[in-house]
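Asker: For reference, the structure I am asking about is given below.
No value in this document is a laboratory result; all are computed from the given coordinates. Note that this is a predicted model, so its numbers are computed, not measured. Glycine also receives a Cβ, built like all others from the backbone with ideal geometry; neighbour counts cover every protein chain displayed.
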Amino acid sequence: MGLRDRIAEPWGARTPYGPGEQWPHRVDSYLADGVSPDQVDAWVQSAAVLHSNGDGLDIAVKDGRIVGVRGRAVDRVNHGRLDPKDLFGWQANASADRLTTPLIRRGGALVETDWDTAMDAVVSRSKHLLADQGPSAIGFYTSGQLFIEEYYTQGVIAHAAIGTNHVDGNTRLCTATAAEALKESFGCDGQPGSYTDVDHADVIALYGHNVAETQTVLWMRMLDRLAGPNPPAILCVDPRPTPVAEHATVHLAPLPGTNVALMNGLLHEILAHDWVDHEYVAAHTVGFAELSKRVAEFPPERVAQICRIDASDLRRAAEIVGNAERLLSTVLQGFYQSHQATAASVQVNNIHLVRGMLGKPGCGVLQMNGQPTAENTRECGADGDLAGFRNWANDSHIEELAKLWNVDMMQIPHYAPPTHAMQMFRYAEEGTLRMLWVSATNPAVSLPDLARIRAILAQERLFLVVQDIFLTETAQLADVVLPAAAWAEKTGTFTNVDRTVHISDKAVEPPGQARADLDVFLDYARRMDFRDKDGNPLPNWTTPEEAFEAWKKCSAGRPCDYTGLSYDLLRGGSGIQWPCNADHPDGAERLYADGEFFAAPDYCEAYGKDLITGAPLEPTEYRAMNPGGRAIIKAAEYVPPHEPPSREYPYVLITGRTLYHFHTRTKTGRAPQLDAAAPQVWVEIAESDARRVGIDEGDAVEIRTARGCVAASARITGIRPGVVFLPFHYGYWDTDSGDRHRAANELTLTDWDPVSKQPIFKTAAATLRRVSRGRGAAPAPTTTASAPVAAAVPRTEGGEAALADERVTEEMQP
């Protein structure tokens, strides 16, 4: 196939295949200008960390520096393919503005210091707060981009050594609903499906999931099925004209905030036409009668009125899903970050349960992750869960952890669920949380209602520790900044959404004094002199592999069982899915093939919650409802969003991502090809809305909500009328222009789903105003959901700098 501009053609060439066939191998690679493959000193095994797909890749090293990447053909996830962020994002590692030395605040300014001084300040403040206020004065807010070994270590330090309940990650912003929806339906986290279900499905339904831009290689797999014989039908639920929508058999574009009504309408039609596997429902589920009663209230005409869609489109969508023989469903931020997030996502699970479509090739649910290692925050107890998918309300599970960690059971806080991020920031705002340790995330850009978040982080009484690779907007507010090693500069493991575990080996040394996150956490533990009941160091490991072996012991016997894995087994071949143990020595392709779930009252991870209020069920209630540990069909009423459009704010603002960037552009903004593809913020407006208010392509527009305003260039697209879209990647301050009004989260509201506690980024009421005429097209990509309706807009291209090699091969290099 040869060279291809992978900015202009982000999904590369097609390799068609039919149902039941193996996805062909296509190895993508990119090397720095002037470097040829025979000049590479070493290829070091790793996987992608700039999205959540988990693409296996090798890192090219020459003269001690990274010079490129190539896909691993042997890997089950990507069969050698890489997306634009994989191909070009590694360049950020060598950026000239990397943090290379610790910083400490002196006289109001951050100044360079040494590790001893920086850590002494952190330890001194920790000991003072523990003595003065107790463990609840300290909180940890981490990422979805660290490794298993680091999450587990941090979780042990927080829960066992310190005893704080204030532990969460920015996975709260992207996958908290995925975890909660799985727990509500199946009693436990863990994806039922597999990426290989794409190879078999005859219908693929994507709910609020712009897979073409968020998991680009997974979309390549779907595109290759669409290009082959007997392609699957596609159902797309999204208010934007995404690439998925362009290929959809049916595209439903509901008004944001109405997803539960839409899902109840689909289920109404499925039940009304008796597209139900009654034998499966009777043998393996509870709750069907309540669902039947609830969805009877949502005929297509009522749903069409609520969602502002055509009833005929809803009927056609239900017919496709209801008659599927092999149905694969995926869910992401269009549901997770919207109103009634968990309730809507659970209804996707309900479709599979009433149709009996789980555990078979082509039949699966993927409640997607937004980040590459989000699955591990949930497994390891680094967010609002306990390690090993254990149930905080089950004393026997707490006893297991206490035995593993050799601490007193009462040292592990379990009086309530671990504190979710939005509540942690509320505690900091009130002054009860006095030290916050932020690692590998940038809440000063990613959290909602940014003016409030910045004010909280800037408080003099809050001791803010930031551990990162760049001086982010959050790091600029810190009291201590700790320079971290980046991906490729340390060794560890991580797991993608279909439970595939990869190893990422250290390829190069970190710059300056930067240290691996694991080493930083362990250094803190040693300086704090944390000990278990026998006086041994807590944690008692010193290397990544020792940490992994400790994690394996914690996972033993739990759904996420890693006991059959090892560093040696993960090296040289493909990633491997958990559970991997004596019963599944090669990993498990799918869960629940036998209709047995992780939902038994004594084993389950959670007892469930009320989908409207979020109130937790008591253990006795759960036992009475589900004594046999079946899957739970859980109905939900539709409730209108809290901030609907009004006369003053007539539009619904939604935020989201673009293909070329990841989160707050900390890395992708430093990769020239990716930055050039989407260099500045823009706002997407429907053609009819733009015409009504006198806005043309490229005009300078002010978007305002009750919380603030953002200035952006207008991109006129095929988005549904009444909705405007802002990418959230852009920080609140553009240092080149001096513009502080470009971060989408200046506008989003302090509100969250009652069940998952995931913030709502997709139902803010907004208004638009043209500020001035534009001088050209908006700086938005033309290759993605932001494609313009105007034909004259220049096409997004990367030129010679974006030429990557593509080769179809039967060979699978080690």
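Asker: Pick out, from SER688, ALA676, GLY431, the residue whose Cα sits farthest towards the positive end of the charge dipole of the chain, with +1 on the Cβ of Lys and Arg and -1 on the Cβ of Asp and Glu.
Answerer: It is SER688, whose Cα lies furthest towards the positive end.
Asker: Let me ask something else about it. Run the numbers on the chain and let me know its relative contact order in percent, using alpha-carbon pairs under 8 Å that are six or more apart.
Answerer: 21
Asker: A follow-up question, please. Kindly put LEU482, LEU103 in sequence by how many other C-beta atoms sit within 10 Å of each C-beta, fewest to most.
Answerer: Ascending Cβ contact count within 10 Å gives the list LEU103, LEU482.
Asker: Along Cα→Cβ, 7 Å out, is where each label goes; now give me the distance between the ones at GLU545 and ALA289 in nm to one decimal.
Answerer: Distance between label points: 5.8 nm.
Asker: Over all directions, how big on average is the projection of the convex hull of the alpha-carbon atoms in the chain, in square nanometres? Kindly include the intermediate steps, with their values, before the conclusion.
Answerer: Working: hull surface 124.2 nm².
Average of the hull's projected areas for the chain equals 31.1 nm².
Asker: While we're looking at this one, here's another question. Work out, step by step, the length gained on full extension between VAL35 and ALA556: first 0.36 nm times the residue separation, then minus their alpha carbon distance; give nm to one decimal.
Answerer: 183.0 nm
Asker: When a footprinting reagent is the concern and you count Cβ atoms within 10 Å, what order do TYR195, TYR567 take, fewest first?
Answerer: By the 10 Å Cβ count, ascending, the order reads TYR567, TYR195.
Asker: Using Cα positions and a limit of under 25 Å, work out the lysines in reach of LYS553, with same-chain residues fewer than 8 apart set aside.
Answerer: Correct list for LYS553: LYS183, LYS403, LYS490, LYS506, LYS533.
Asker: Are there DSSP H segments in the chain that both extend 18 Å or more along their axis (alpha-carbon positions) and score a mean Kyte-Doolittle hydropathy of at least 1.0? List them, or say none.
Answerer: Both cut-offs are met by 259-272.
Asker: Using Cβ counts within 10 Å as a stand-in for footprinting exposure, how do PHE88, PHE597 rank, fewest first?
Answerer: Numbers: PHE88 28, PHE597 25.
With the sparsest Cβ surroundings first, the list reads PHE597, PHE88.
Asker: Here is a further query. Quick check: residue separation of HIS278 and GLU637 times 0.36 nm, minus the Cα distance between them. What number comes out in nm?
Answerer: 126.9 nm
Asker: At a Förster distance of 56 Å, what's the computed FRET efficiency of ASP583 paired with ASP696, Cβ-Cβ distance as r, to 0.05? Don't jump to the answer; show the numbers that get you there.
Answerer: Working: r = 62 Å, r/R0 = 1.11.
Plugging the Cβ-Cβ distance into 1/(1 + (r/R0)^6) gives 0.35.
Asker: Working out 0.36 nm times the residue gap between GLU301 and GLU429, then minus their Cα-Cα distance, what length gain in nm do you get to one decimal?
Answerer: Length difference between fully extended and current span is 41.5 nm.
Asker: Further question on the same structure: Any idea which of TYR649, VAL198, MET222 is furthest toward the positive side of the dipole for the chain, if Lys and Arg beta-carbons carry +1 and Asp and Glu beta-carbons -1?
Answerer: TYR649
Asker: Next question. Quick one: what does P(r) look like for the range 651-781 with 5 Å bins over all Cα pairs, in whole %?
Answerer: Taking all Cα pairs of the range 651-781, the binned fractions are 2, 11, 20, 24, 21, 13, 6, 2, 0, 0 percent.
Asker: Along the charge dipole of the chain, Cβ charges K/R +1 and D/E -1, which of TRP90, GLN758, ALA283 sits furthest on the positive end?
Answerer: GLN758
Asker: With charges only on Cβ, +1 for K and R and -1 for D and E, what is the dipole size of the chain about its Cα centre, in debye, rounded to 20?
Answerer: It works out to roughly 1760 debye.
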